[in-house]
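Report on the following structure.
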Amino acid sequence: MAFLYEVFLLTFVGSLVGAQVINWGRCPDFSVEQNFNTTAYLGTWYEIEKFPARFERGQKCIQATYELEDTGHIRVTNEGIDIETGEATSIVGDAYAPDPNEPAKLKVRFFWWQPAGDYWVLRTDYHTFSVVYSCQDFFGIVRAELAWILSRERTLDAIVLDSLLVNLEDMGLNINYFQSTNQTGCDEGQAKPSWDREEEHYLIFS
Ligand SMILES: *[C@@H]1O[C@H](CO)[C@@H](O)[C@H](O)[C@H]1NC(C)=O
Ligand SMILES: *[C@@H]1O[C@H](CO)[C@@H](O)[C@H](O)[C@H]1NC(C)=O
């Protein structure tokens, strides 16, 4: 009985936030990039590594573009290519920093009915790499985690990537969950746009 309850809880939490990394315990309070400069962070980032997430499943060439709106919010455009069909997918979301004293702790959502998810910039140098972390816990009992390593280009120097992974491991993140994103054959222009929404596009994503 207790076991069934646990399975139910983990499955429920996972489907709620689209994360596939679900563990016991509350979210860690990782330190974020100090003096985060939102303006310098704008523009396009390419996904190099990610924690598995339902809403990114089966996609390659994943990228995100951040643009500042008049409201001070950030317009987020996530794009990818469906590996099976070759079709381009895209979704637009809204991000903002609820606390001006914590500009690296952003919230993002893609549908008005969604609770906004965390988008914490743990580390970035603005022109090469960015490390993003998102965690949601439920009553401090179960947590769902998402993480991304992003690059300003479709590749990231292996030495830079390794040092970021070492850093994250030292912080206490389980880096074994990371999966590489395929960023090859992306600029061949054969992708067809599609506004298909049949897959569930739950919550947050870089
Ligand atoms: C933030 O970044 C922008 C664009 O790179 C730059 O012009 C600005 O001076 C930076 N602000 C601070 C406070 O460093
Ligand atoms: C990445 O995508 C390219 C182009 O579609 C494909 O040729 C290659 O096999 C893929 N690599 C992996 C590791 O799936």
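Dipole orientation for region 2-177: of the candidates 43, 127, 61, 61 has the Cα lying most toward the positive pole (charges on Cβ; Lys, Arg +1; Asp, Glu -1).
In terms of other Cβ atoms within 10 Å, 82, 157, 99, 70 run from fewest to most in the order 70, 99, 157, 82. A P(r) calculated from all alpha carbon pairs of region 21-98, with 5 Å bins opening at zero, reads 3, 12, 18, 19, 19, 16, 9, 3, 0 percent.
Other residues within the sphere of radius under 15 Å centred on the Cβ of residue 33, judged by their own Cβ, net out at -3 (K and R +1, D and E -1). Given their separation in residues at 0.36 nm each and the Cα-Cα distance between them, residue 29 and residue 138 gain 37.7 nm when the chain is fully extended.
If R0 is taken as 25 Å, the Cβ-Cβ distance between residue 162 and residue 37 corresponds to a FRET efficiency of 0.45. Under 5 Å between amide hydrogens, built in the peptide plane, is the criterion, and for residue 27 it picks out 137 among residues at least 5 positions away or on other chains. Sites listed here are GluC sites (Glu not before Pro) in region 71-140 whose DSSP assignment is loop and whose Cβ has at most 16 other Cβ atoms within 10 Å: 84. Using a simple spin-label model with pseudo-atoms 7 Å out from Cα toward Cβ, residue 96 and residue 174 lie 3.5 nm apart. A cut-off of 5 Å between modelled amide H atoms, ignoring neighbours fewer than 5 places along the same chain, links residue 119 with 106, 107, 108. If I take all pairs of Cα atoms in region 2-177, what percentage of them are more than 25 Å from each other? Value for region 2-177: 33 percent of Cα pairs lie more than 25 Å apart. Computed from backbone phi with θ = phi - 60° and the Karplus coefficients 6.51, -1.76 and 1.60, the 3J(HN,Hα) list for region 53-67 is 9, 3, 6, 10, 4, x, 10, 10, 6, 6, 9, 9, 10, 10, 10 Hz; x is used for glycine and proline.
When only the Cβ of Lys, Arg, Asp and Glu is charged (+1, +1, -1, -1), the dipole of region 2-177 relative to its Cα centre reaches about 300 debye. In plain terms, the residue of 127, 73 with the fewest other Cβ atoms within 10 Å comes first and the most crowded comes last, giving 127, 73. Summing charges over neighbours of residue 20, with a neighbour being any other residue whose Cβ is under 9 Å away from its Cβ, gives +2 when K and R count +1 and D and E count -1. Sequence-ordered 3J(HN,Hα) estimates for region 71-83 from the Karplus curve with 6.51, -1.76 and 1.60 and θ = phi - 60° stand at 6, x, 7, 10, 7, 10, 10, 9, 10, x, 10, 5, 4 Hz, glycine and proline given as x. Counting neighbouring beta carbons within 10 Å and listing from fewest to most, the residues 24, 148, 113, 120 come out as 113, 24, 120, 148.
Every number in this text was worked out from the coordinates using simple rules, so none of it is lab data. Model, not experiment: these values are computed from the prediction. A quick note on method: Cβ atoms are made from the backbone with ideal geometry, for glycine too, and the neighbour counts reach across all protein chains shown.
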